[in-house]
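Colleague: This structure is in structure tokens; I'll ask about it shortly.
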Amino acid sequence: MKASEPAGDEALIHEARQLTPALYALGRVLRLRGVDEAGLTPLPPSDLEVLRQVLDAPGIGVGAVAQELGLHASNVSTTVRGLVAQGLVRREPDPHDRRAVQLHPTMGAMQGMARIEQAWSEIFADALATLSPADRTTLTSAAPALSSLAAALREQRGTGRG
């Protein structure tokens, strides 16, 4: 914490220290278990993140993927080449800039991600079944706030603050 920050930020730091390990553990479970349980060939985490960006924003360019993920464009280009070779992403010329390409998911990528997301749902449902109804309600109620937190973290990275 910076000396110029108000003392009230200590409470936020404490909350973040409690929340961060739990969120990291959840993300790790998703990265490690979803692909295997969907019966798909495992992808390195960076490949899966690039593919997720292409699935979320069809037509996105390599530079935009790199910026969104905080990676070097050359690393994203290498990853995209591998995803193209695996038949998960296709490149199309950008109609507004002939030097650029747009990235689009293939049907195989869309079907594969649907299988992964189904596996994630089943993993979470099994775990949720072990929790109390009150804990399940609390977690479900937290989903919008967690989405807002993710957006705030992306925004911080975009402005150079995170």
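Colleague: Going through segment 87-101 one residue at a time, which ones are closer than 14 Å to residue 43 by Cβ and either exposed (fewer than 11 other Cβ atoms within 10 Å of the Cβ) or over 20 Å from the mean Cα position of the chain (by Cα) (or both)?
Modeller: Residue satisfying the conditions is 87 alone.
Colleague: Can you give me the number of residues within segment 125-161 that are surrounded by 13 or more Cβ atoms within 10 Å (Cβ to Cβ), hydrophobic (A, V, I, L, M, F, W, C) and within 17 Å of the chain's Cα centre (by Cα)?
Modeller: So the count comes out to 2.
Colleague: Among the residues of segment 56-67, which ones are surrounded by fewer than 19 Cβ atoms within 10 Å (Cβ to Cβ) and within 13 Å of the chain's Cα centre (by Cα)?
Modeller: Of everything in segment 56-67, those that are surrounded by fewer than 19 Cβ atoms within 10 Å (Cβ to Cβ) and within 13 Å of the chain's Cα centre (by Cα) turn out to be 56, 57.
Colleague: What are the residue pairs meeting all of these: first residue in segment 18-47, first residue free of Cβ contacts under 8 Å to residues at least 24 places away in the same chain, second residue of a type in the set (Lys, Arg), Cβ atoms under 8 Å, and 6 or more apart or on different chains?
Modeller: Listed by first residue and then by second, the contacts come to 45/31.
Colleague: So residue 87 ticks every box in (1) modelled with pLDDT under 90; (2) on the phi > 0 side of the Ramachandran plot but one. Which box is left unticked?
Modeller: (1)
Colleague: What residue, among those in segment 17-41 that are more than 15 Å from the chain's Cα centre (by Cα) and exposed (fewer than 12 other Cβ atoms within 10 Å of the Cβ), is modelled with the lowest pLDDT?
Modeller: Out of the qualifying residues, it is 39.
Colleague: Another question, then. Looking only at segment 64-85, which residues are in contact (Cβ under 8 Å) with a residue 24 or more places away in the chain and not β-branched (Val, Ile, Thr)?
Modeller: Listed by number, the residues that qualify are 67, 68, 70, 71, 75, 82, 83.
Colleague: Could you tell me which of the residues 142, 114 is of a type in the set (Gly, Ala, Ser), closer than 19 Å to residue 49 by Cα and at pLDDT below 95?
Modeller: Details: 142 fails: closer than 19 Å to residue 49 by Cα.
The unique qualifying residue is 114.
The values are calculated or read from the model by the stated rules, or taken from the named source; none is laboratory data. Since this is a predicted model, take the numbers as computed values, not measurements. Every residue, glycine as well, gets a Cβ built from its backbone with ideal geometry; the counts of neighbours run over all protein chains shown.
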